[in-house]
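Once you've had a glance at the structure underneath, I'll fire off some questions.
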Amino acid sequence: MATLGEHSERAGSRLRAAVHLASTAVGSIVDPVTERDRTRRRIVALCAPFATLLAVAGAYPLVEVVRISVSAEQYRSVGFALEAYGTLVTDPYYRGVAFNSLWLAGGTTLASVGVAVPIAHALEKYDLPGEDVLVTLVSFPISLPGIVAAFMILVLLGNNGLVTNLAALLTGRPATDLAIAVSAPGLFVAFCYSMIPRATLILRGTYAELDHAAEEAAQSLGATPWRTFRYVTLPQIRPGITGAVILTFRTGLAIFGTLIVIQTVVVWTLQISRELATGYDIQVAGAMATAYFLFTFAFTALGLRYTDAEVGL
């Protein structure tokens with residue numbers, strides 16, 4: 001049976017071997033000798049900015065948020081307590097906020113991707129007049145902050161909005177009865193306004209990789225445009241649709257500027273802001289931020305895995 005000294009000597013040997021291996025790896029990167037070492041140095045140089053950003057702007061803030069969420073005191077990260085997470089699970093109000101976030105992000109994702117598919121199809125399959133102008137108009141909302149997008153919805157669908165007054169003129173009803181800008185439908189439209197361009201741009205890239213020969217073969221065999229799209233085009237763009245769903249759903253969960261103006265539905269991001277502004281319940285805010293990160297990370301990982309499976313097929 002090995003003695004304590006022998007165990008210590010073995011541990012020391014393993015530590016020295018690890019240090020030697022690490023120093024050798026660092027030396028080969030700093031002063032490469034072979035082409036393989038030079039390739040490693042290029043990889044490290046290319047990855048260093050992202051790794052630094054990940055550590056400074058990603059890992060460190062996340063660790064601090066988690067530590068705040070389990071702190072036993074309000075303004076100091078001391079002790080360990082799970083009361084904030086218990087509040088999120090047991091309080092019906094926070095469960096309602098979570099439900100609002102999911103249905104709003106999920107519903108607008110389905111609507112946005114559903115609209116983006118025919119837009120991308122038309123832009124890539126047909127020679128449309130003024131196509132450059134159309135692409136600019138479709139992608140324009142991406143450049144707008146959420147607050148500006150919300151203001152544009154007010155201008156269109158508010159009490160004095162263009163669409164509202166046009167509908168009032170056609171129906172004879174008061175404009176105040178038709179305005180939806182500061183309601184759940186108005187917020188739904190505002191979300192879609194920001195999300196449709198993102199889904200469209202992803203799907204345009206997917207359409208660029210289509211096998212047009214397969215579509216032409218299907219059409220030459222008598223397939224209608226709808227059957228060609230359903231059985232030939234759709235299977236090829238399905239990974240792009242999945243990617244668009246992932247991006248737009250995450251966008252829907254993260255939208256905040258629009259909610260500052262149209263606060264008709266309380267969702268997760270808006271509630272985090274309220275926790276920090278009203279009463280300054282920093283533990284609950286930290287728990288909400290942690291739960292948000294875990295959920296979006298798991299959703300993204302699962303979606304990308306599905307996308308990889310689709311590509312593999």
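The values are calculated or read from the model by the stated rules, or taken from the named source; none is laboratory data. Since we're looking at a predicted model, the values are computed, not measured. Please note: Cβ atoms are built from the backbone with ideal geometry, for glycine as well, and neighbour counts cover all protein chains shown.
Mind listing whichever residues of segment 246-262 are polar (S, T, N, Q) and surrounded by fewer than 20 Cβ atoms within 10 Å (Cβ to Cβ)?
Thr251
Taking Ser273 as meeting all but one of (1) without any contact (Cβ under 8 Å) to a residue 12 or more places away in the chain; (2) assigned to a helix (DSSP H, G or I), write down the number of the exception.
If we test Ser273 against (1) without any contact (Cβ under 8 Å) to a residue 12 or more places away in the chain; (2) assigned to a helix (DSSP H, G or I), just (1) comes out false.
For the condition over 30 Å from Ile237 (Cβ atoms) and either touching a residue at least 24 places away in the same chain (Cβ under 8 Å) or under 25 Å from the mean Cα position of the chain (by Cα) (or both), what is the one hit in Ser183, Ser194?
Ser183
If Val138 satisfies every condition in (1) within 30 Å of Ile282 (Cα to Cα); (2) touching a helix residue (DSSP H, G or I) at 6+ places or on another chain (Cβ under 9 Å) but one, which is the exception?
Condition not satisfied by Val138: (1).
Then there's this: Is it true that some residue in segment 203-224 is small (Gly, Ala, Ser), surrounded by 12 or more Cβ atoms within 10 Å (Cβ to Cβ) and under 24 Å from Leu270 (Cα atoms)?
no
Do you know which of the residues in segment 148-162 that are loosely packed, with under 15 Cβ neighbours inside 10 Å and of a type in the set (Val, Ile, Thr) is nearest to the chain's Cα centre (by Cα)?
Among residues in segment 148-162 that are loosely packed, with under 15 Cβ neighbours inside 10 Å and of a type in the set (Val, Ile, Thr), the one nearest to the chain's Cα centre (by Cα) is Val148.
A follow-up question, please. When you scan segment 133-149, do you find a residue that is aromatic (Phe, Trp, Tyr), on the phi < 0 side of the Ramachandran plot and in contact (Cβ under 8 Å) with a residue 60 or more places away in the chain, even just one?
Checked against the condition, which is being aromatic (Phe, Trp, Tyr), on the phi < 0 side of the Ramachandran plot and in contact (Cβ under 8 Å) with a residue 60 or more places away in the chain, segment 133-149 yields no hits at all.
Could you check, for segment 70-90, whether at least one of its residues is modelled with pLDDT of 90 or more and more than 23 Å from Phe297 (Cβ to Cβ)?
Looking for residues that are modelled with pLDDT of 90 or more and more than 23 Å from Phe297 (Cβ to Cβ), one finds at least one in segment 70-90, hence yes.
Scan segment 56-111 for residues that are surrounded by 18 or more Cβ atoms within 10 Å (Cβ to Cβ) and in a loop (DSSP other than H, G, I, E, B) and report the count.
Qualifying residue count for the region: 2.
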